[in-house]
Every structure is written in C-alpha cells, then in structure tokens.
Amino acid sequence: MSAKILTLATSKGGAGKSTLTRNLAAHWLNVGFKVAVIDADPQASVINRHNPDGLLKNLTVLSNPEESISYTVEEVKNDFDFILIDTGGFRNRTTVRALVSSRYALIPLKPSADDVAAAIETHALIQELNKTPEKLSSNIMYRMIITMSQQGTVISRHVRTELQKLGFLLMKSEMYHRVAYPESAINGLSPCITDPDGSASRDIANIVSELNELFA
C-alpha cells in the first residue's frame, strides 16, 4: 500500500514547517508506523539535527532539495505508511514538485500579517497546481494550521476568523508556542519522545487526530 504523502509548505520562512514536520513524524513513529521525512529545505533543518543512532533512529530522513524530489518520492512511497516533505520558505520548483507528488498539504502560519499573506499565496499555488493534468484526477487536499500561537489570544482568533470568512480551510488544532519544541529540537528530537505526556505532545496528538480525518 502506498504511503500517505504530506507536504508542508508556505512561501515564508520561520512559520514552523520543520518543527511540525519533526513532531508529526515522531508521533506517527511512536505509535508504530513506518515514517520517512524528505528534507527539501536548502537549510536542511531536519536532517542536520537528526541523529541516526539516537532515540529517533527508526525514522528515515532523506535529503533532496532539488527538482528531482518527485523521483525520491516515487522510489520510497511503497516502503512507508507516511512520508512528510519539509520544503523551503519560498516558492521554487522543488516545492512545486513536492506538492505535485503529494495528495495532502499543510500550510503553517504564525498569527501575523506576513504569514497570512504567505499562506494565501501558497494556497493559490496549490489551486493552480490542482488545475494541471497531473493533479486533475487527484487534487491536493490542503489545510492551513496556525503555529507558534499563544493559547486563547485575540490575534489568533482574529486570524482564524478572517481566513475562515475568506473560505480557507483551517485545522481546529494549533501548534502552540511551547518551549518544549526548541528544547527537544536541540537534539533533533520531539516532545512526543522526550515528554510524551506533556502539553506539546497533546497538541501534536490533536493535530494528528484531525489529519487522520483528512486522510480517511
């Protein structure tokens, strides 16, 4: 059975793509799935911190920040349950090829005007790709997700409301700003591994629960 392929993309850096990629991968690995991450970000944030002998040694991390990423996906898609693709914070051909190779996309955005603009731009790219012959019969299914937010703040609620008014699809769950993420990332890990009963791990579990509904 072919993997569920999820690309994380937005045309702005610093939105939390790599953090979310690492944490989703760790969660799925932790509950027994075979998971691969393809690091298509030239900054290589995921693969540079990954320890192949550490607690996430069973996570397969590949690097391909080139247009040939579609070939990498094709080579490994039957070997895993989930493949996550972390892309750069800008629109380039690698991101386009990653999205074309995917059935699902997550668009992370912080609750800020610049991030909202980038998310809308990325949504437009996805809609553009969905009109191409390659994707007409299997449109990319997307969700926007608010990241690095403070729980219950007015700005997050405002951003969510405005995007929903415009007709965009948002995850109900958010990846809140928690110190556990950067602390665990120092060693290329996730709170799902270092603190499985903590708040950050519960946030990721909630996100995964929604994604499972999307995948169904």
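Using C-alpha pairs below 8 Å separated by at least 6 residues, the relative contact order for the chain is 26 percent. Taking the number of Cβ atoms within 10 Å of each Cβ as an exposure proxy, the fewest-first ranking of Ile83, Ile5, Ile47, Ile155 is Ile155, Ile47, Ile5, Ile83.
Taking every C-alpha pair closer than 8 Å and separated by at least 6 residues, the mean separation divided by the residue count of the range 66-166 gives a relative contact order of 27 percent.
I want to verify the translational diffusion coefficient of the range 57-148 in µm²/s; compute it with Stokes-Einstein, Rh as the Kirkwood radius over Cα pairs, at 37 °C and 0.692 mPa s.
Estimated via Stokes-Einstein, D reaches 232 µm²/s.
The residues neighbouring Pro191, those whose beta-carbon lies less than 12 Å from its own, together hold a net charge of -1 under the Lys/Arg +1, Asp/Glu -1 convention. For Asn139, neighbours were defined as the other residues whose beta-carbon sits under 10 Å from its Cβ, and their charges (Lys and Arg +1, Asp and Glu -1) total +3. Taking packing as the residue-averaged number of other Cβ atoms within 10 angstrom, the listed peptides 167-174, 11-18 run from highest to lowest as 11-18, 167-174.
Do the sum for the chain: with -39,500 (n - 2.57) for every DSSP H run of n ≥ 4, divided by all residues, what is the mean residue ellipticity at 222 nm, to the nearest 500 deg cm²/dmol? Can you show the working numbers first?
Details: 9 runs with 91 residues, N = 216.
Result for the chain, helices only: -12500 deg cm²/dmol.
Positive contributions from Lys and Arg (+1) and negative ones from Asp and Glu (-1), summed over other residues with Cβ under 12 Å from the Cβ of Asp81, come out at +2. Springs between Cα atoms under 10 Å define the GNM used for the chain, and in it the highest mean-square fluctuation of Leu29, Leu125, Leu166 occurs at Leu166. Modelled spin-label separation between Lys77 and Gln127, with each label point placed 7 Å from Cα along the Cα-to-Cβ direction: 2.6 nm. Its alpha carbons considered, the chain gives a radius of gyration followed by a Dmax of 16.0, 47 Å. Among the trypsin sites (Lys or Arg not before Pro) in the range 27-59, those located in a DSSP loop and surrounded by at most 14 other Cβ atoms within 10 Å of their own Cβ are Lys57.
Coordinate-derived values only; no laboratory data. Please read these numbers as outputs of a predicted model, since none were measured by experiment. For neighbour counting, all protein chains shown are included, and Cβ atoms are generated from backbone atoms with ideal geometry for every residue, glycine included.
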